[in-house]
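The values are calculated or read from the model by the stated rules, or taken from the named source; none is laboratory data. A quick note: this is a predicted structure, and the numbers were derived from the prediction, not measured. With ideal geometry, Cβ positions are generated from the backbone for all residues, glycine too; neighbour counts draw on all protein chains shown.
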Amino acid sequence: MTRKKGTDKMSDLQWIDKHIRLNKNLAKHLLKPSKVVYNANAWTPLKLISIGFFTQMYTTIIKGYFDRWLYCGIFSGCGLNYIENRIYFPGSSFFAINSSIDNPFHKMYFIDSNKKRIKALTKRLEYVEREIEDFSFLGSTEESRCQYMTFSDDYGKFIDETDIFDLLDEEDTRTHALVVIDPEGFEMKWDDLKRFFHYPCDIIFVYMTSEIKRTWGKALKSRDFAIKNMNGLFGGSSWKQAIEGDDLLPIFIIQIEGLNKIVKTIRVKKSKSSFYYDLLVITRPTRGGNPWLSAVDQLKSRIERSGSSMVKASLDYLEGKRGRLDDFFPINR
Ligand SMILES: C[S@@+](CC[C@H](N)C(=O)[O-])C[C@H]1O[C@@H](n2cnc3c(N)ncnc32)[C@H](O)[C@@H]1O
C-alpha cells in the first residue's frame, strides 16, 4: 500500500482513477473481517478522497508545530462503503488511517451510534492491525503507537464523556486534533460543533447543502420537524435571515468565521442533478497566514470540476467496461 507522489499534470479522470485503484485494494482486506457495509453513492469517493488528501497534508504539517495530534471521526460508520452496488470502497475512518501512515495520529476516536456498524469497524481495525504490516502502528492499548477507540453511542454522549478535550488542554504536551464530522443530515448540533472551536482543532464538516435548502423551504411553511432541524444546526434562528436558499450556507459560514475561524468550502456534486453538499474545512488563522490552504484550493478545483459522472466513468474504465483515449496517449500514468 505504498503511495506514489501525485502529479498535477494528471487529468482529473486519471487522478480519480488513481485514487479509486489504490483504495479498492484496501477495501478487499476490509471485507474479510465483516460483511457490514454502508451503501453509498457515486459522488461519495470525491468526499473520501478529499478527507484522505486533507489528512495526509494535516499529519505532514502538524508534526512541525505540535507534540501530539489526535483524530476524531464523528459519524464514523462501519469502515467500508459499497458504492452504487458496484465497488467496495474504504470509509472515512480508513481514509484517515491510510493517509496518516507516515505520521500516525497518537490517538484516533471513532464514534457512531449504530452498534452493528461500530462493531464492524472495530473488527476491521483489529484485522488490519494484525494482518497488514503498514497498519501495525495501530492498537487498542495505551502503549500502541496509535491508540484507537471506538464509541457506539450518540455523539453527544461521547462529547460529554471523552478525554479528548483534556488532552487538547494539556499544557505540557502541545496537542492538536483533526475532527471529521460526516452526518447524513442534521444530526450535528451547532452547540456541539462550537465546543470544538475552543480547542486547537481543524475540522472537516460535511454540510448537506441541498438537503438543508429543502428543509429550510419546509421550515418556512411552519413544519415543526424542519424548524427543529434548522434551529439545531444553526444554534438558533439565524437561518431566518436567508432570503433565498442559497443564502443559508454563507450565513452558516459567517457564523463560524465570527468565532475567529477560516472556512474553505469544497462542493461535491451529483452530476446532472440539484443534489450536492459542501465540505467545510474549518481552521484557525495562524501568524504564518495558513499557506497550506492553497493546497486545499487545488483540491477544491479538482473535486469541483469532477462530479459523480466522472467517478462512474472511472469505475467503468477500471472494470474494463469502457476504453479511454488516454490508453493510446498515456500522460503521466
Ligand atoms: C454518512 S454516515 C457516515 C459515513 C462514514 N463516515 C463513512 O465514510 O463510511 C453517518 C453515520 O452517522 C451515524 N449516526 C447518526 N446519528 C448519530 C448520532 N446521533 N450519534 C452518532 N452517530 C450517528 C449513522 O449510524 C451513520 O453511520
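Scanning region 95-116 for residues that are within 13 Å of the ligand (Cβ to nearest atom), of a type in the set (Phe, Trp, Tyr) and outside any helix (DSSP H, G or I), we see that the one that is surrounded by the fewest Cβ atoms within 10 Å (Cβ to Cβ) is TYR109. What's the total number of residues in region 60-88 that are over 18 Å from CYS201 (Cβ atoms) and not in a strand (DSSP E or B)? Residues meeting the conditions: 6. For residues that are among the aromatic types (Phe, Trp, Tyr) and either near the ligand (Cβ under 8 Å from one of its atoms) or at pLDDT 95 or above (or both), scanning just region 73-93, find the one that is nearest to PHE158 (Cα to Cα). Result: PHE75.
Contact annotation: residue pairs with Cβ atoms under 6 Å, 6 or more positions apart or on different chains, pairing a residue in region 62-78 that is charged (D, E, K, R) with a partner that is more than 12 Å from the ligand (Cβ to nearest atom) and in a loop (DSSP other than H, G, I, E, B), are LYS63/ASN103; ASP67/THR173; ASP67/ARG174; ARG68/HIS106; ARG68/THR173. Scanning region 206-229 for residues being out of contact with any Leu (no Cβ under 8 Å at 6 or more places or on another chain) and free of Cβ contacts under 8 Å to residues at least 40 places away in the same chain gives a total of 14.
None of LEU30, LEU46 is under 18 Å from ASP134 (Cβ atoms), within 16 Å of the ligand (Cβ to nearest atom) and aliphatic (A, V, I, L, M) except LEU30. Among the residues of region 156-173, the ones that are under 17 Å from HIS198 (Cβ atoms) and either within 16 Å of the ligand (Cβ to nearest atom) or in contact (Cβ under 8 Å) with a residue 12 or more places away in the chain (or both) come to 10 in all. Could you say whether any residue in region 50-59 is more than 21 Å from SER306 (Cβ to Cβ) and not in a loop (DSSP other than H, G, I, E, B)? Yes, region 50-59 contains at least one residue that is more than 21 Å from SER306 (Cβ to Cβ) and not in a loop (DSSP other than H, G, I, E, B).
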